[in-house]
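Structure first, then comments.
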Amino acid sequence: MEIIPFFDPRASELKDGDLVSSLKWCKHHYNEKCSNFYNSIVEEGFYICPYGFTSYAKRVGQLFVIYSSVLVEDRYDKKKALPKIKNEFYILKFSTQQFLEVVNRSIEYNDLFFKHKESLEIINNRYSTLQKEFTEYKELIFDTLHEIRSLNNVLSSQSDDILSISRKYLENSDDFFKNGVHSILATSGLIASRLASLDLLVNSSVIEQSIPKDASIYGKFYKCKQILSTVSFPNKVTIGLNGESFSDARINDLFEICPFLIFENYLKYSPSGTCINVNFYEDEHDIHITISNEGPMNTTEELSQVFKLHYRSNRAKGFKGNGIGLYIVKLIFNYLNFDIEVDSSQVISRRIDGIKYSQFTTRIKIPISVKRNMR
């Protein structure tokens with residue numbers, strides 16, 4: 001174990017130090033001439049190798065150590081060495097005093113290593129065991145999540161089928177049976193959003209594996225609003241969809257969780273008895289969505305941070321949450337080239353438990369992929 005490059009006589013090769021690597025030229029051009037040079041050294045002191053680089057021999061206990069592939073001022077052949085290393089990205093050049101100090105430190109480092117060799121081997125073995133256990137647990141977790149995701153898809157699909165059939169026979173939209181199915185769908189949607197969020201946090205490349213398709217953005221928000229009604233009503237917070245949008249946009253499967261995450265964010269912070277207003281309209285090229293309701297007031301600086309992972313404003317820290325939802329939404333929107341921005345009015349609408357509230361607005365712009373004039 002050495003800090004700087006050294007010659008290993010048993011392997012008859014030049015080896016990197018733990019902190020300083022040998023020069024690339026030496027690695028690529030090591031040959032019998034180099035080996036014969038190192039084997040010819042029998043006395044301590046400085047030497048210049050056949051190719052112009054510095055070598056230094058020192059007896060350490062019963063060992064005879066040869067350090068090489070370095071540049072020590074006035075102890076290397078500039079004409080031979082410099083042309084060979086002109087393309088090296090980074091080169092260390094030592095003064096004689098600096099180099100000898102490094103050699104002493106390397107010897108101390110080596111002594112410490114061998115003194116604690118058994119302890120280090122125990123630590124390394126324990127580390128290898130923990131790595132193996134971590135890999136096994138990781139595989140178990142991902143297998144379990146895969147099973148949960150599959151079961152959740154079945155739950156959601158069957159609930160959709162039941163709800164579709166129930167509409168044929170149950171006239172009252174407030175029917176207990178229908179609300180029960182909506183509650184199941186809401187739970188299923190929340191589970192799906194958590195699983196997808198976890199996927200993205202663990203491996204953001206899954207976003208590239210999601211299958212693209214043309215779909216109604218209004219339909220995604222409407223479905224989410226319907227199934228989340230069982231979550232919003234207990235807090236007496238409602239979601240109102242206004243305006244129209246018939247066209248499709250190019251989305252992927254992961255977009256499905258975005259309305260859930262956006263509405264969840266509003267439901268979490270909205271005062272009881274208020275309505276989350278969602279307004280749709282589209283022009284020739286884009287679908288525009290504006291979502292607004294009262295929430296804890298944010299400063300301009302706080303607004304610039306809301307899409308960052310785990311960020312929560314000072315006034316939001318009293319509410320349950322982890323600062324992941326809007327980060328995931330922004331990640332998906334960026335990949336799909338959708339625009340999303342937020343704004344917090346500086347006009348106070350009310351105070352609750354000493355917290356200032358104002359209108360919090362989310363503006364979304366999504367390019368149209370298939371223009372439609374009616375559903």
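The set of residues in the stretch 265-290 being part of a strand (DSSP E or B) and touching a Lys or Arg at 6+ places or on another chain (Cβ under 8 Å) consists of 278, 286, 287, 288, 289, 290.
Does residue 37 count as hydrophobic (A, V, I, L, M, F, W, C), touching a Lys or Arg at 6+ places or on another chain (Cβ under 7 Å) and open to solvent by less than 60 Å² (accessible area, probe 1.4 Å)? Step through it out loud before you land on a result.
On the way: hydrophobic (A, V, I, L, M, F, W, C): yes; touching a Lys or Arg at 6+ places or on another chain (Cβ under 7 Å): no; open to solvent by less than 60 Å² (accessible area, probe 1.4 Å): yes.
No; evaluated as a whole, the condition is false for this residue.
For residue 316, the conditions (1) touching a Pro at 6+ places or on another chain (Cβ under 7 Å); (2) under 24 Å from residue 225 (Cα atoms); (3) open to solvent by 30 Å² or more (accessible area, probe 1.4 Å) are fulfilled apart from (3). For first residues located in the stretch 15-26 and touching a residue at least 40 places away in the same chain (Cβ under 8 Å) and more than 9 Å from residue 2 (Cα to Cα), partners that are open to solvent by less than 70 Å² (accessible area, probe 1.4 Å) and outside any loop (DSSP other than H, G, I, E, B) and lie 6+ apart or on another chain with Cβ distances below 7 Å form the pairs 22/14; 22/69; 23/69; 25/84; 26/14; 26/69.
Please find, among 260, 246, 255, 233, the residue that is modelled with pLDDT under 95 and open to solvent by less than 10 Å² (accessible area, probe 1.4 Å).
Only one candidate passes the filter, namely 255.
For the stretch 284-292, state whether one or more residues are open to solvent by less than 10 Å² (accessible area, probe 1.4 Å) and of a type in the set (S, T, N, Q). Reasoning before the result, please.
As a first pass, look at the stretch 284-292 and keep what is open to solvent by less than 10 Å² (accessible area, probe 1.4 Å): 287, 289, 291.
Remaining after also requiring of a type in the set (S, T, N, Q): none.
Scanning the stretch 284-292 turns up no residue that is open to solvent by less than 10 Å² (accessible area, probe 1.4 Å) and of a type in the set (S, T, N, Q).
The lone criterion from (1) in contact (Cβ under 8 Å) with a residue 24 or more places away in the chain; (2) buried (at least 16 other Cβ atoms within 10 Å of the Cβ) left unmet by residue 272 is number (2).
Applying the criterion of at least 1 residues that are over 30 Å from residue 121 (Cβ atoms) and not β-branched (Val, Ile, Thr) to the strands (runs of 3 or more DSSP E) found wholly in the stretch 1-106 leaves 45-48, 54-60, 63-72.
Please specify each residue of the stretch 43-79 satisfying the condition of being open to solvent by 80 Å² or more (accessible area, probe 1.4 Å) and either within 19 Å of residue 107 (Cα to Cα) or touching a Pro at 6+ places or on another chain (Cβ under 8 Å) (or both).
If we filter the stretch 43-79 for residues that are open to solvent by 80 Å² or more (accessible area, probe 1.4 Å), which is where we start, we get 43-44, 48, 59, 62-63, 73-75, 78-79.
Of everything in the stretch 43-79, those that are open to solvent by 80 Å² or more (accessible area, probe 1.4 Å) and either within 19 Å of residue 107 (Cα to Cα) or touching a Pro at 6+ places or on another chain (Cβ under 8 Å) (or both) turn out to be 43, 44, 59, 62, 63.
Across the stretch 269-320, the qualifying residues are those that are polar (S, T, N, Q) and over 22 Å from residue 242 (Cβ atoms), and the one among them that is modelled with the lowest pLDDT is 314.
Filtering 344, 349 for residues that are closer than 19 Å to residue 277 by Cα and open to solvent by 40 Å² or more (accessible area, probe 1.4 Å) leaves a single hit, 349. Only one of the numbered conditions (1) open to solvent by 80 Å² or more (accessible area, probe 1.4 Å); (2) farther than 21 Å from residue 204 by Cβ; (3) out of contact with any strand residue (DSSP E or B) (no Cβ under 7 Å at 6 or more places or on another chain) is not met by residue 322, and that is (2).
Is it the case that some residue within the stretch 107-120 is basic (Lys, Arg), in a helix (DSSP H, G or I), without any contact (Cβ under 8 Å) to a residue 24 or more places away in the chain and more than 30 Å from residue 55 (Cβ to Cβ)?
Looking for residues that are basic (Lys, Arg), in a helix (DSSP H, G or I), without any contact (Cβ under 8 Å) to a residue 24 or more places away in the chain and more than 30 Å from residue 55 (Cβ to Cβ), one finds none in the stretch 107-120, hence no.
Residues in the stretch 72-103 that are of a type in the set (S, T, N, Q) and touching a strand residue (DSSP E or B) at 6+ places or on another chain (Cβ under 9 Å): 95, 96, 98.
Scanning the stretch 79-95 for any residue that is farther than 23 Å from residue 30 by Cα and modelled with pLDDT of 90 or more turns up at least one such residue.
Scanning the stretch 207-217 for residues that are modelled with pLDDT of 85 or more and within 20 Å of residue 188 (Cα to Cα) yields a total of 1.
Filtering the stretch 94-120 down to residues that are touching a Phe, Trp or Tyr at 6+ places or on another chain (Cβ under 9 Å) and under 13 Å from residue 73 (Cβ atoms), which residue is surrounded by the most Cβ atoms within 10 Å (Cβ to Cβ)? Among residues in the stretch 94-120 that are touching a Phe, Trp or Tyr at 6+ places or on another chain (Cβ under 9 Å) and under 13 Å from residue 73 (Cβ atoms), the one surrounded by the most Cβ atoms within 10 Å (Cβ to Cβ) is 99.
Restricting the first member to the stretch 148-175 and to residues that are open to solvent by less than 70 Å² (accessible area, probe 1.4 Å), and the second to residues that are at pLDDT below 70 and not hydrophobic (A, V, I, L, M, F, W, C), the beta-carbon pairs closer than 7 Å and six or more apart or on different chains are 163/178; 166/178; 170/178.
The values are calculated or read from the model by the stated rules, or taken from the named source; none is laboratory data. Quick caveat: nothing in here was measured; it's all calculated off a predicted structure. Virtual Cβ from ideal backbone geometry, glycine too; neighbours counted across all protein chains shown. Side chains are part of the model used for accessible areas, which takes the heavy atoms of the whole protein and leaves out ligands, DNA and RNA. Shrake-Rupley method; radii C 1.70, N 1.55, O 1.52, S 1.80 Å.
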